[in-house]
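One structure is given below, encoded as structure tokens.
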């Protein structure tokens, strides 16, 4: 199985010029009219391309070495399964040749890419209870499909993959300044101990195929309701993973938002309310994993530009403080619900 912690190339997209993007699409029968726009994406390279027939497509070129073919095919199969169930997701198109994953060689680099139809939308109004309930219903439908079988090749959200592995990689990387390493290590170890205690208190929970990165930027809103984009981080995990990143504000507001989401969700899927105790544990694992994700890609020229605050002593000291705050949060009882 591929891991998001494998060594990264310094310039993984150096050969992916606009001409190369259009040439790649041409090999799968999609002829561009010369217009394309690069969309915001750090992990992969994503474009909006206008075709000669008047349609618009969104090709995604996968970061070399991140996922195996089997893992990408599982992402695509899940998206197509959701589409078949009439759930609004950005699913890959079946390309010339009958598959959803294509290859294109340029400058000695093989790029794997998929293509989806353009899906436009705006940010959802998450202050509106009706909007949250609507989103919750679709998450419930996603999870009803996701519960049918697990991913065999993609990652699972657990302490090993999203906690100890990124911690160990960071400590071995020599990227943490020596005068900050000890404090950060003590904090991350304390946080992981608290996360383990949290998972132990909750006990075994059902895992299912998830969107995995269900935050406001990946839920677009139209007059027809929400649709979900970017299944690049789809994985096995507890249902609550697809809820907590949609919550914001003070605890009272977050409780109200979660109740609205789950009100819609439980029209289609039963929710194990014990999982609410996992929210702060999952937030903690995401913090650790996020630091490792940026550090791994630091030699990619796009990352120092996008994250100029990363890497210095101040960053790691701040992370240590935040992780110790998470230890306290993990000791608190979960919010109560009316």
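Within region 37-62, being surrounded by 15 or more Cβ atoms within 10 Å (Cβ to Cβ) and under 15 Å from residue 111 (Cβ atoms) holds for 41, 43, 44, 45, 46, 47, 49, 59, 60, 61, 62. Screening region 95-116 for residues that are loosely packed, with under 13 Cβ neighbours inside 10 Å and part of a loop (DSSP other than H, G, I, E, B) and picking the one that is modelled with the highest pLDDT gives 96. The residues of region 117-141 that are over 18 Å from residue 230 (Cα atoms) and outside any loop (DSSP other than H, G, I, E, B), listed by number, are 129, 130, 131, 132, 133, 134, 137. Number of residues in region 142-168 that are closer than 20 Å to residue 194 by Cα and assigned to a helix (DSSP H, G or I) equals 10.
The values are calculated or read from the model by the stated rules, or taken from the named source; none is laboratory data. All figures in this text were calculated on a predicted structure; none of them were measured in a lab. Positions of Cβ are generated from backbone atoms using ideal geometry, with glycine treated the same way; all protein chains shown enter the neighbour counts.
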